[in-house]
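Student: Encoded as structure tokens, here's the structure I'll be asking about.
The values are calculated or read from the model by the stated rules, or taken from the named source; none is laboratory data. Note that the coordinates shown come from a computational prediction; the quantities given were computed from them, not determined experimentally. Every residue, glycine among them, receives a Cβ derived from its backbone with ideal geometry; neighbour counts consider all protein chains shown.
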Amino acid sequence: MVRRMCRSTWEIAILTLSDSPLRTPQAFRPSSIIPINVLVDRTKRIREAKSEAQKEIEEYRKQKEEEFKKFEAEHSSGYKKAEEDANKEAEVKLQEIKDAGNERGGKVIETLIHALVDVKPEPSEKIVIKA
């Protein structure tokens with residue numbers, strides 16, 4: 001180990017430690033030293049933040065799905081009521097048609113049969129005018 005006279009304690013420390021082949025002066029500068037535990041802590045915090053963000057996303061998604069289901073339930077009930085009202089009106093109209101058919105059905109059938117059986121040929125008005 002070679003020692004020489006130096007003025008600053010930093011130079012003494014560098015010269016003392018530079019004799020070791022595994023240690024270099026650059027490794028002992030504070031700006032270049034990053035402890036392993038700092039790196040591990042940093043990655044752990046990143047993973048925790050990522051998992052927390054994922055949980056928040058899932059909670060937000062569930063909340064929005066519940067809001068949508070609630071909204072859909074409130075507004076779809078109006079459609080069901082309107083559909084029921086329309087069905088009731090249709091049933092009333094069908095009953096009116098059936099009643100009218102029962103009342104006047106015989107007369108309508110009689111008129112149709114009379115029109116088909118009692119044929120009275122008449123010339124068209126256009127033919128009569130030309131003649």
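Student: For region 72-110: of the residues being of a type in the set (A, V, I, L, M, F, W, C) and modelled with pLDDT of 90 or more, which is farthest from the chain's Cα centre (by Cα)?
Tutor: I97
Conditions tested, residue by residue: (1) aromatic (F, W, Y); (2) surrounded by 10 or more Cβ atoms within 10 Å (Cβ to Cβ); (3) touching a Cys at 6+ places or on another chain (Cβ under 7 Å).
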| residue | (1), (2), (3) |
| --- | --- |
| K44 | no, yes, no |
| A49 | no, yes, no |
| E52 | no, yes, no |
| I57 | no, yes, no |
| Y60 | yes, yes, no |
| E65 | no, yes, no |
| F71 | yes, yes, no |
| E74 | no, no, no |
| D85 | no, yes, no |
